[in-house]
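Just below is one structure, and these are the notes that go with it.
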Amino acid sequence: MSYQFAKYATHYRNLTYLGVPIIIGQLGNIILSFADTLMIGHHSTQELAAAAFVNNMFNLVIIFALGFTYAVTALVGNLYGQEKTGRIGELMKSAVAANTCMALILVAGMSLLYLNLHRLGQPEELLPLMRSYFLIQLVSLPFVCWFNTFKQFADGITDTRLPMWVLIAGNVMNVCGNWVLIYGKFGFPEMGLDGAGLSTMASRIMMTVVMATIFFFSKRYKEYHKGWQQGKINRTDFRQITSIGLPLALQMGMETAAFSLSSLMVGWIGTTALAAHQVMLTISQLGYMIYYGLASAVAVRVSNFMGQRDYEAVRRNVTAGFHLVLLLAVVTSVPIFLLRNSIGGLFTDNAAVTSMVSLTVIPFMVYQFGDGLQCNYANAMRGIAYVKPLIWIAFIAFFIVSLPLGYLLGIQLGYGLVGIWFAFPFGLTTAGVLYYLYYKKGLRQIEAR
């Protein structure tokens, strides 16, 4: 036992050192939504339900966009392992261009969705609230793409503390802005849901400006900026970013779709179920981002070792990461289970919503192992840049298994919100097992070259 611990001890320590700032940064991403949900829920249950639908639609494209930027981590991490500083700066020029193109595509897609909100079977009384909040979120979407591009660059060179501090500042700004604009403080009008949207938009713009300013003007990034100035947007880098980024985006997008598109089905059940669904999604995402942050550190370390061609270190790093991810899953989920009967009250005073949230915690507990498994090994595949199998695995797990099963249990068999949530463990575990098998296959193929 002591030998096994000693074998992984260095990796535990390095992953923790690298991963804790990423965890805090990942939490920062979701706390923007968490703060909105918490503060809106105490302003109006209808606004909470409207936010549930809009946030889940935008979470889908934001996670898709985040997945696309993960190509930057893999490529920058590999170059960082080879100490090619100037080449990293040159790559970043194509990365920003590629992610700007992705932002424009996503804005166009979400604009089409906006024009068809009335066709999606949502409660009629929520549509006016949804429309104005939707437009505010749409304006801030490109800034999410640009911020994450610079964040993944910083993660790839193991400077994970910079985005952590920027995200903390952004969240403080968002919470203060929510308090002022939602409730109408300091002479501002009481704007409710729209106030939450404006506050989030302002914080996203600020974080993007800060990250870009540091990249271009700080002394510690001088060599990277020099590489940016000397380099050009080139077809090879653009194609490489796209060929790695699209499978990652599709994989993460389909995984998120299993949760976000379930909001459509929940909306068919009613406003109370939709509000409870949003509360539980916010709680589950808070836990998920903690161990996904650690798994992101696995991807960074693996990409560094791949640049050095140290495949034994890759294996040990991935195994140590899985141990830590499972530990974090337990640490985060057990308190939620113990507080299941009261945790919904943090978000709303509606007793029916709180009761429904307590029932949904049970399937949340069931899927923790599968979620940790898929989280770790998807990032391991990202680190070794073996990403194409992620697409069909995610499609099977989330579109063939999870969503249809949720429709069967929740709508056809009448188990409602709890039935929809009991489909998630099946999809996540299917994905986790297949990611594990294909990570091992991909690493063997790379070693044999």
Checklist entry - So which of GLY19, GLY67, GLY25 is at pLDDT below 75 and either among the β-branched types (Val, Ile, Thr) or assigned to a helix (DSSP H, G or I) (or both)? => result GLY25
Checklist entry - Does ILE205 fit the bill of being modelled with pLDDT of 90 or more, assigned to a helix (DSSP H, G or I) and either open to solvent by less than 70 Å² (accessible area, probe 1.4 Å) or over 18 Å from SER296 (Cα atoms) (or both)? => result yes
Checklist entry - Of all residues in region 309-361, which are among the charged types (D, E, K, R) and over 30 Å from LEU437 (Cβ atoms)? => result ARG340, ASP349
Item to check | Condition met for PHE259 (of a type in the set (A, V, I, L, M, F, W, C) and more than 30 Å from SER355 (Cβ to Cβ)) | outcome: no
Checklist entry - Would region 93-111 turn up any residue that is under 23 Å from GLY245 (Cα atoms) and at pLDDT below 80? => result no
Checklist entry - Conditions: (1) assigned to a helix (DSSP H, G or I); (2) open to solvent by 10 Å² or more (accessible area, probe 1.4 Å); (3) not small (Gly, Ala, Ser). LYS232 meets all but one. Number of the miss? => result (1)
Checklist entry - From the list ILE393, ILE446, which residue is closer than 21 Å to PRO247 by Cα, in a helix (DSSP H, G or I), open to solvent by less than 60 Å² (accessible area, probe 1.4 Å) and modelled with pLDDT of 90 or more? => result ILE393
Checklist entry - Taking region 419-443, which residues are in contact (Cβ under 8 Å) with a residue 60 or more places away in the chain and surrounded by fewer than 18 Cβ atoms within 10 Å (Cβ to Cβ)? => result VAL433
Checklist entry - Which residues, taken from region 409-449, are among the small types (Gly, Ala, Ser) and more than 23 Å from the chain's Cα centre (by Cα)? => result GLY410, GLY414, GLY416, GLY419, GLY442, ALA448
Item to check | Odd one out for LEU346, checked against (1) touching a Pro at 6+ places or on another chain (Cβ under 8 Å); (2) open to solvent by 10 Å² or more (accessible area, probe 1.4 Å); (3) not small (Gly, Ala, Ser) | outcome: (1)
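The values are calculated or read from the model by the stated rules, or taken from the named source; none is laboratory data. Owing to the predicted nature of the structure, the values given are computational and were not obtained by experimental measurement. Positions of Cβ are backbone-derived with ideal geometry, glycine not excepted, and every protein chain shown enters the neighbour counts. The protein model used for the area step is the full one, side chains on, heavy atoms only, and it has no ligands, DNA or RNA in it. Shrake-Rupley method; radii C 1.70, N 1.55, O 1.52, S 1.80 Å.
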